[in-house]
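These notes concern the structure reproduced below.
The values are calculated or read from the model by the stated rules, or taken from the named source; none is laboratory data. Quantities reported herein were computed from a predicted structural model and do not represent experimental measurements. All Cβ positions, glycine included, derive from the backbone under ideal geometry; neighbour counts span all protein chains shown.
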Amino acid sequence: MHDPQIGAAMGQLIASNRSQTWLTRLIDMEYWLACNEERAAQARFGAVMCCCGPCAMYRRSALTLLLDQYEAQFFRGKPSDFGEDRHLTILMLKAGFRTEYVSDAIAATVVPDRLGPYLRQQLRWARSTFRDTFLALRLLPELDGYLTLDVIGQNLGPLLLALSSLAALAQLLIVGSVPWWTGLTIAAMTMVRCSVAALRARDLRFLGFSLHTPINIFLLLPL
């Protein structure tokens with residue numbers, strides 16, 4: 001944090017209870033991907049869009065400057081008390097500070113070991129992402145074009161997956177034919193992503209992250 005232009009930095013987040021259940025192993029891989037792919041890519045352009053709470057550091061002078069805005073979070077006229085880490089990160093960027101990712105700084109956190117708490121957590125985070133996208137819209141033209149594409153992808157990706165799933169379900173129910181192409185396309189994209197992660201991390205367990213796709217389709221998207 002020697003650079004005065006850096007307002008916040010985050011490290012790599014891991015699950016301290018990774019070996020507890022199949023779900024905690026899956027979440028640990030999800031954190032690795034979020035940190036070492038998404039955040040690492042954003043950091044190359046000086047703007048990590050969310051410095052995760054368990055492993056974030058903020059410049060005190062910058063935090064003091066933004067404290068009043070941070071404490072008065074409203075969305076559509078109502079107080080909002082979720083996604084405070086993403087909200088504070090966006091405020092830092094709007095104030096002209098850079099946000100960085102430091103892969104050598106590692107923090108461990110306890111993650112949900114059952115589907116119910118995990119799904120509720122993911123729902124809160126999804127709401128935070130969509131809410132703060134509106135806050136970041138006026139900021140994006142000042143940042144690199146890649147970050148605009150990244151934000152668009154984060155918001156449109158789940159929507160496109162939902163539409164594809166609904167179209168496949170409609171084809172199955174109305175036409176009576178199995179939507180092979182939709183299923184194969186989703187499966188292929190999933191395996192490509194997991195294979196790249198396994199190659200980059202040099203860890204074959206990331207092939208098992210493919211299980212996250214059916215959780216997304218059948219459990220998260222309906223929420």
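Answer with yes or no whether Asp28 is part of a helix (DSSP H, G or I) and within 14 Å of Thr109 (Cβ to Cβ).
Numbers: part of a helix (DSSP H, G or I): yes; within 14 Å of Thr109 (Cβ to Cβ): yes.
Spelling it out, Asp28 is indeed part of a helix (DSSP H, G or I) and within 14 Å of Thr109 (Cβ to Cβ).
From Arg193, Arg114, grab the single residue that is surrounded by fewer than 14 Cβ atoms within 10 Å (Cβ to Cβ) and at pLDDT 95 or above. Steps first, please.
Values: Arg193 fails: surrounded by fewer than 14 Cβ atoms within 10 Å (Cβ to Cβ).
That would be Arg114, the only listed residue that is surrounded by fewer than 14 Cβ atoms within 10 Å (Cβ to Cβ) and at pLDDT 95 or above.
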*Which of the residues belonging to the range 118-146 are more than 17 Å from the chain's Cα centre (by Cα), assigned to a helix (DSSP H, G or I) and surrounded by fewer than 17 Cβ atoms within 10 Å (Cβ to Cβ)?*
Pro141, Glu142, Gly145
*Within the range 179-223, how many residues are in contact with a Cys (Cβ under 6 Å, 6 or more places away or on another chain) and under 19 Å from Trp125 (Cβ atoms)?*
1
*Considering each of Ser164, Ser103 in turn, give the residue that is among the hydroxyl-bearing types (Ser, Thr, Tyr) and within 17 Å of the chain's Cα centre (by Cα).*
Ser103
*Which of the residues that make up the range 109-128 are among the basic types (Lys, Arg) and farther than 19 Å from Asn155 by Cα?*
Arg114
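Considering Leu184, Leu173, Leu223, which residue is aliphatic (A, V, I, L, M), exposed (fewer than 11 other Cβ atoms within 10 Å of the Cβ) and not in a helix (DSSP H, G or I)? Working first, answer last.
On the way: Leu184 fails: not in a helix (DSSP H, G or I); Leu173 fails: not in a helix (DSSP H, G or I).
The match here is Leu223.
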*asked:* I need the full set of residues from the range 126-154 which are touching a helix residue (DSSP H, G or I) at 6+ places or on another chain (Cβ under 8 Å) and either over 24 Å from Gly96 (Cβ atoms) or of a type in the set (Asp, Glu) (or both), in order please.
replied: Ala126, Phe130, Asp132, Asp150
*In the range 196-208, which residues are in a helix (DSSP H, G or I) and either out of contact with any helix residue (DSSP H, G or I) (no Cβ under 8 Å at 6 or more places or on another chain) or modelled with pLDDT under 95 (or both)?*
Val196, Leu199
*Would you confirm whether any residue within the range 50-62 is crowded, with 18+ Cβ neighbours inside 10 Å, touching a residue at least 60 places away in the same chain (Cβ under 8 Å) and touching a Leu at 6+ places or on another chain (Cβ under 7 Å)?*
no
*Qualifying residues in the range 31-83 (those that are modelled with pLDDT of 90 or more and in a strand (DSSP E or B)) - the one farthest from Met10 (Cα to Cα)*: Ala47
